[in-house]
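Q: Before we start, here is the structure in question, set down as structure tokens.
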Amino acid sequence: MTALDMDAMVNTVKGWMENPVKFARSHGVTVSPESDGSDPEREIHILIIEGFLLYNYKPLLDVYSKCYYVTIPYGECKRRRSMRTYTVPDPPGLFDGHVWPMYLKHRLEMENSGLDIQYLDGMRTKDELYDQVYEGIQNSLLNVL
């Protein structure tokens, strides 16, 4: 956690929450009215925050309205990591001695955070995961409108 600039992330998220349109424009994103001429300031805006350890950082816990977490079994995680090419390769034993134990530690902390987290099966295809999340967001929006 100390290797990440979480204060900057909190400031960025809160800046977006204050005014999504102004934030987008200040970051070079064009926000144009819908074809019906509606005001972008009155539209629904969605911010997706992605990263590991996001559910372990207390200052961010109150900003999430929907939480997803991709899970993957030990064997598959180890296999995928071993397929990656790093500039500096993992030393022998790093996965079993550090990476996986830290994953388990932080996952337990996350599970005890009190957030309503929807777990996604990381063995499914990217398209299946996208469809599941997209459907969940659409349903949430329909329930609010």
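Q: Report the full-extension gain for the segment residue 102 to residue 74: residue separation times 0.36 nm, less the Cα-Cα distance, to one decimal in nm.
A: Here the segment from residue 102 to residue 74 would lengthen by 8.8 nm.
Q: Do the alpha carbons of any pairs in 78/105; 22/66; 58/105; 22/126 sit beyond 25 Å of each other, and which pairs?
A: In this structure, 22/126 exceed 25 Å between Cα atoms.
Q: Pick out, in residue order, every one of the trypsin sites (Lys or Arg not before Pro) in the stretch 11-99 that is DSSP loop and has at most 12 other C-beta atoms within 10 Å; say none if there are none.
A: 84
Q: Now for a separate question. By how many degrees, between 0 and 90 and to the nearest 10, does the Cα long axis of helix 100-111 differ from the longest principal axis of the chain?
A: For 100-111 against the chain, the angle is about 40 degrees.
Q: Right, another one. Please compute the length gained on full extension between residue 31 and residue 85, using 0.36 nm multiplied by the number of residues separating them and subtracting their Cα-Cα distance.
A: 15.7 nm
Q: Determine the equivalent ellipsoid of the stretch 8-84 by diagonalising the alpha-carbon gyration tensor, then write out the semi-axes as square roots of 5 times the eigenvalues, largest first, rounded to whole Å.
A: Output for the stretch 8-84: semi-axes of 33, 16, 12 Å.
Q: Return one whole number: the accessible area per residue of the chain in Å², for a 1.4 Å probe.
A: In whole numbers, the chain has 74 Å² accessible per residue.
Q: Here is a further query. Which chymotrypsin sites (Phe, Trp or Tyr not before Pro) in the stretch 54-145 sit in a loop by DSSP (not H, G, I, E or B) and have at most 14 other Cβ atoms within 10 Å of their own Cβ?
A: Loop-located and lightly packed - 86.
Q: Please check the chain for the longest run free of GluC sites (Glu not before Pro) that are loop-located per DSSP (anything but H, G, I, E, B) and have at most 14 other Cβ atoms within 10 Å.
A: Free of exposed loop sites, the longest segment is 51-145.
The values are calculated or read from the model by the stated rules, or taken from the named source; none is laboratory data. Remember, predicted model here, so these are calculated numbers, not experimental data. Please note: Cβ atoms are built from the backbone with ideal geometry, for glycine as well, and neighbour counts cover all protein chains shown. Note: accessible area is taken over every heavy atom of the protein model, side chains too, but ligands, DNA and RNA are not part of it. Shrake-Rupley method; radii C 1.70, N 1.55, O 1.52, S 1.80 Å.
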